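> My questions will all concern the structure given below.
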Amino acid sequence: MSVEATTLDSPAHVLDRQIMEVDIACAGFGPAMGGFLTALTHAWTKNPADPAFESKVAPGMPLQVVCYERADDLAAGVSGVVTRAQGIRASFPHLNPAEIPMAAEVSSERVLYLLDPIGASRRSALLRLGDFFLRFAGKLAGVRDHAFELPWTPKFLHKQGGLVLSIGQFNQWVGAQLMASGLVQIWPGTPVSEPLFEENISSHAGRHERAVAGLRLADQGVDRSGAPADGFMPGMDVRAQLTVVGDGPVGQIGRALDQKLGTPEGHARREWALGMKFVIELPEDASNPDALNKKALARDKVIEDAGGEDSTLQLGTVWHTFGYPEPEIFGFLYVHPHRLVSVGIFVPSWMGNPSRTAYRYLQHYIQHPALWRYLKDGTLRSWGAKSLEESGRRGEPFLTGNGYARIGEGSGSTNMLTGSGVDEAWTTGTQLGEAVVELLHAGLPFTQQNLSKTYEKNRRASWVERGAREAQNARNGFHGGIVKGMIGMALAGLTGGRLSMHAHIPPAHKQISRSSDGLTLKDAAAVALADGRPLHDALLSARGWPEIPFDGRLLVTHQDALLMGGKVQAMPGFADHVVFLDRELCIACIEKTCIAMCSGQAITLGDDDLPAFEREKCVHCGACLWNCAQSPDGEHSNIEFRAGSGGLHSAEN
Amino acid sequence: MPNAVHIVVCAGIVPDPLQTLEPITTPNGPGLKNEMVLPAVLDPWAASALYEAANLAAKNPGSKLWLVSLGPKAKLQQVMMTVAQKVAFELVPIDGPIGGFPDAHSTAQVLAETIAALPGLDQAKLLLFGGWESATRGAGVTLQLIGERLGITDQFQGVDQIDFRDDGSFEVLERVEGGKHQLSVCSGTPAVLGWATGNLPEPRNNPQIGMANMRTIMPALQKAKPATLAANGLRYVSASLPKQQRATRVVKDLTPDQIARELVAWIGAE
């Protein structure tokens, strides 16, 4: 049998690369990989002497399992998380949230429709009519602080019995347990640039079979373009019997597999959102989440009702919001221990305005009266952003192949009806872990057929798949407007996905509207030129959004946010990981939504209308990937998001 | 002619300096808010010492390199996943507390006893490396005390360079006032060198080095002996951060000189 190892770019090895052999190589460390490695480790620790766990590459030693993570630290994750934790609790039956910093049981849940107190939000006539009636009904309808609370939380949104988490702390907690076992090595600060492919000519069928043979680590000691520079060190080739791909929605390895091996018929990743959040420390007099709610005590006649408004936020409180700052933007608020609050928004790809942006909208969001009464006088502790892949099952790639399997958000596991992804990702990881253990015990190789009969079969039979099918078309209506979208979501949610709206989902670049704001664009351009601020920021001001009253503590400039919390940095010696493929397309592009949506202001307008990228500011959110208004091939972005070093450093996200 | 040396690097772990650090008072004395939540790194000064040590060991065949580190085992393990990819060493972990407030004498005692007991260590060939101060409190005391406890009288602080001569003596450059270095010549080992930044860039992450290191680091961590540090009557009256102010602007049309003038004026005004 002849074997030739290839990568995407080069048909043959040009450089002398170091090669290392392991049994299992993993790309990315997040909830999915945590689930996979936990399942593997749990099985191994039950009987470490089990010959099934003997390494094939280092006989006499246990399995050699390595996991490579781009972020500088396992704790440098980003996500505001509330989860039902069904799969997580199955892995840790005696889980005590107090063991995980910033974790808390969900104690209460609210769904709020936020009215616009300013009048700058772009709302349809139907929505304005609804707002008018709500304002008119006022307190009779339960409207308070320009917010209408739904009388009940829809069952499909419910997170009762679940947890609020800091994903960074959760990853760190899981990682510490995994590494303490001694079976697994998790290497942070190690970006992976591409998968290794092997072309095998099967002796049985005489046909080419393509397999993934491992991972190639990113070259170090290169200049911005990737050419060798001082201290050049070619990335090592890590060859493995099984490559587990859990590198998230914008991971380089997952996308490389899609490019080389294709995706299932009709599947494409066309729906996205940028989640951006603050972690805010509340002032002591506004909230004491660790104490009992005085109103509740008064209601239960434990203490006297002292009157006055309830200004406390309880530990484990979960809010879901919609309607503000723009109708398309959903928001959230979760209360962690020690007066910490995660509060954030999701800016979706179906929000067509080309100057859509996140940071300033987030600042307006937290100033909405319904939130501001709790958050004012708070202190910004950290900030972060990440892309969410919202195609769900419609974006699911091939889950298995010869020598590889895909798990987590990059495998389409996120449920966009329930708005949850962490538990689903975790569970896909445990499903693969259990499958791998089964195959090891059976002495079977990690072929596509074997992985499909175990991992895929279990996944298809699980609640993750059921939820994915129910959610599949839940958000179709949003491509026809917010009202249609909410109706569609309710329809899908209340019928378990049996009824839903139909929609044609265009590629991400076609979801960006080409229409300008007319007069406001001209006004904004004048403002932008005058004081040097970004155009999208000036556009918001021109539309009537008030200037942010910076206080240096909670309301800070975008650049200051990058410096707070854990800051943002990038190790020297790596190439630029955001690459603009066809510069002519960039020059011709009027929208330049990539600049407006860049979470870290790492993409700015450079010379000659070309975007300029500064890797030291990049938080690796991946927003640029799906906020490009151009496409060289009609489907994919003109921006490539490659493996790179650095990003956010905060441990409190 | 190469000089085989036995280098012991003492390196603590500290909260990642990029995080927001707030001093608080705990039942056990001063501390940092949410310290156990914060990611940790190897003390940056000591990290420079480690890279210089590895470079020296590589240039002098027959040399050995140990990294002795006192800290909670779980935190040490996390830090090692980054450090162990850089250079090859043998880890000697001590499971104990971290922070800028434990008594330096107690810390030095634990470290000195551990170093003296290292199997295979020839104290006649010993170079004791560390940071010239720690990133936790910057007192610059602990390494000197360790050296004294080990009976090493040749001590250098603020070191940026060491060069061996053929006869086993070596030259040391130490930082002094005015941005200058003092050149000293030491007749030979043992000696204590508290490093400043040295001259070497941070080594690249090398997975092969990492895998090789892990084969000894993991068992060492599992066998790490616990240590408690006596307070020795030390009591902190207060602790506070230096006052800091931030005002960030992005400018594209100013020259470096203009930016520098504006910064000088701003600093002067504060």
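No value in this document is a laboratory result; all are computed from the given coordinates. Bear in mind the structure is a predicted one, so any value in this text is a computation, not a measurement. Cβ placement follows ideal geometry from the backbone for every residue including glycine, while neighbour counts extend to all protein chains displayed.
> Hey, got the dipole for chain A? About the Cα centre, +1 on K and R Cβ, -1 on D and E Cβ, debye to the nearest 20? Kindly include the intermediate steps, with their values, before the conclusion.
On the way: 60 positive and 72 negative charges, 407 e Å.
Here chain A has a charge dipole of around 1960 debye.
> Between B:ASN28 and B:VAL176, take the C-beta separation as r, use R0 = 45 Å, and let me know the FRET efficiency to the nearest 0.05.
According to the calculation, E is roughly 0.75.
> Among all stretches of chain A without exposed chymotrypsin sites (Phe, Trp or Tyr not before Pro) (DSSP loop, at most 14 other Cβ atoms within 10 Å), which one is longest? List each step's numbers first, then the result.
Working: sites that count: A:TRP152, A:PHE550.
The reported range is A:153-549.
> For A:LYS592, which sequence-distant residues (separation of 5 or more, or a different chain) have an amide H within less than 5 Å of its own amide H, given hydrogens modelled in the peptide plane?
Sorted by chain and number, the residues that satisfy this are A:ALA629.
> If I model a spin label at A:LEU150 and A:GLU199 as a point 7 Å from the Cα along the Cα→Cβ vector, what separation in nanometres do I get?
It is 5.3 nm.
> Can you work out the Karplus-derived ³J(HN,Hα) for every residue in the stretch A:71-86? Use 6.51 cos²θ - 1.76 cosθ + 1.60 with θ = phi - 60°, whole Hz, and x for glycine or proline.
4, 5, 8, 5, 7, 8, x, 9, 4, x, 10, 10, 9, 5, 6, 5
> Rounded to the nearest 10 degrees, what's the angle between the helix A:422-442 long axis and the longest principal axis of chain A, both from Cα atoms, 0 to 90?
20
> With contacts defined as alpha carbon pairs under 8 Å and 6 or more residues apart, what's the relative contact order of chain A in percent? Let's see the in-between values first.
On the way: 1519 pairs, mean separation 124.5, N = 653.
19 percent.
> Once the principal axes of the Cα atoms of the protein assembly as shown are found, what is the range along each, listed largest first in whole angstroms?
90, 79, 65 Å, listed from the longest principal axis down.
> Does anyone have the angle between helix A:125-137 and the longest principal axis of chain A? Alpha-carbon axes, 0 to 90°, nearest 10?
50
> Further question on the same structure: To check you understand DSSP bridge types, tell me what percent of the beta bridges within the protein assembly as shown (both residues inside) are antiparallel, rounded to 5.
Here the antiparallel bridges make up roughly 65 percent for the protein assembly as shown.
> Along the three principal axes, how long is the stretch B:15-113 when you take its alpha carbons, biggest first, rounded to the nearest angstrom?
Cα spread of the stretch B:15-113 along its principal axes, largest to smallest: 49, 30, 21 Å.
> ³J(HN,Hα) across the stretch A:610-622 via Karplus (A = 6.51, B = -1.76, C = 1.60, θ = phi - 60°), whole Hz, x for Gly/Pro?
8, x, 10, 10, 10, 5, 5, 9, 6, 9, 6, 6, x
> 5 Å is the cut-off here: which amide hydrogens, built 1.01 Å from N in the peptide plane, fall below it relative to A:THR317, excluding neighbours closer than 5 in sequence?
Close amide H contacts, sequence-distant or interchain: A:SER107, A:SER108, A:VAL335.
> Using Cα centres only, tell me the gap between the stretch A:414-468 and the stretch A:634-653 in whole Å.
26
> With point charges of +1 on the Cβ of Lys and Arg and -1 on the Cβ of Asp and Glu, referenced to the Cα centre of the stretch B:145-270, which listed residue (B:PRO203, B:GLN157, B:PRO219) lies farthest in the positive direction of the dipole?
Looking along the dipole axis, the top candidate is B:PRO219.
> Just want to confirm a number: the relative contact order over chain B, from Cα pairs under 8 angstrom separated by 6+ residues, in percent. Each step should come with its number before you reach the end.
Working: 502 pairs, mean separation 65.7, N = 270.
That works out to 24 percent.
> Under a crude label model (7 Å from the Cα following the beta-carbon direction), how far is A:ASP608 from B:ASN60 in nanometres?
5.4
> Please find the FRET efficiency linking B:VAL251 to A:ASP633, where r is the Cβ-Cβ separation and R0 is fixed at 41 Å, and quote it to the nearest 0.05.
Computed FRET efficiency for B:VAL251 and A:ASP633 comes out at 0.60.
> Between the stretch B:8-32 and the stretch B:47-72, what is the C-alpha centre distance in whole Å?
Here the answer is 24 Å between Cα centres.
> Here is a follow-up. Translational diffusion coefficient of the stretch A:519-648 at 20 °C, 1.002 mPa s, Stokes-Einstein with Kirkwood Rh over Cα pairs, in µm²/s as a whole number.
Diffusion coefficient, whole number: 135 µm²/s.
> Hey, if you put +1 on the Cβ of every Lys and Arg and -1 on every Asp and Glu Cβ in chain A, which of A:SER342, A:LEU562, A:VAL192 ends up farthest toward the positive end of that dipole?
Going by the Cα projections, it comes out as A:SER342.
> Averaging over every viewing direction, what projected area does the convex hull of the Cα atoms of the stretch B:178-219 cover, in nm²?
5.6
> If you don't mind, another one. Just subtract the alpha-carbon distance of A:ALA49 and A:LEU126 from 0.36 nm times their residue separation and send over the number in nm, one decimal.
Once the chain is fully extended between A:ALA49 and A:LEU126, it gains 21.0 nm.
> Between the stretch B:204-270 and the stretch A:221-263, how many Å separate their Cα centres?
For the stretch B:204-270 versus the stretch A:221-263, the Cα centre distance is 30 Å.
> Turning to a different aspect of this structure: Expected output is a single nm value to one decimal: the length gained when fully extending between B:VAL141 and B:ALA220, i.e. 0.36 nm times separation in residues minus the C-alpha distance. What is it?
Details: separation 79, 0.36 × 79 = 28.44 nm, distance 2.72 nm.
So the chain would gain 25.7 nm between B:VAL141 and B:ALA220.
> While we're looking at this one, here's another question. From the phi angles alone, apply the Karplus equation (6.51, -1.76, 1.60; θ = phi - 60°) to the stretch B:184-189 and give each ³J(HN,Hα) in whole Hz, x where the residue is Gly or Pro.
Each residue's phi maps through the Karplus curve to give 10, 10, 10, 5, x, 6 Hz.
> Here's something else I'd like to know. Toward the positive end of the charge dipole of the protein assembly as shown, about the Cα centre and with charges on Cβ (Lys, Arg +1; Asp, Glu -1), which of A:ILE88, B:ALA11, A:PHE29 goes farthest?
A:ILE88
> How much of the DSSP beta bridge set in the stretch B:6-226 is antiparallel, as a percent to the nearest 5? Could the numbers behind the result be given before it?
On the way: 18 of 44 bridges.
Roughly 40 percent of the beta bridges in the stretch B:6-226 run antiparallel, per DSSP.
> Right, here's the next one. Enumerate lysine pairs in the stretch B:6-226 that are 8 or more residues apart or on different chains, then count those whose Cα atoms are under 28 Å apart.
So the count works out to 23.
> On C-alpha positions alone, give me the angle between the axis of helix A:519-531 and the longest principal axis of chain A, in degrees, nearest 10.
In chain A, helix A:519-531 runs at an angle near 80 degrees to the longest axis.
> Additional query: Per 10 Å bin, what percent of the C-alpha pairs of chain B does each bin hold, from zero upward?
Taking all Cα pairs of chain B, the binned fractions are 6, 27, 32, 21, 10, 3, 0 percent.
> Another one. Can you tell me the dipole magnitude for the stretch A:519-648 around its Cα centre, using point charges on the Cβ only (Lys, Arg +1; Asp, Glu -1), in Debye to the nearest 20?
Magnitude of the dipole: close to 400 debye.
> Another one. Sequence-distant or interchain residues sharing an amide H contact under 5 Å with A:ALA213, placed H: which?
When sequence neighbours closer than 5 places are left aside, the close amide H contacts are A:LEU196, A:PHE197, A:GLU198.
> So, in nm, how far is label A:PHE232 from label B:ARG261 when the simple model puts each one 7 Å beyond its Cα toward the Cβ?
Simple spin-label model gives 4.3 nm for this pair.
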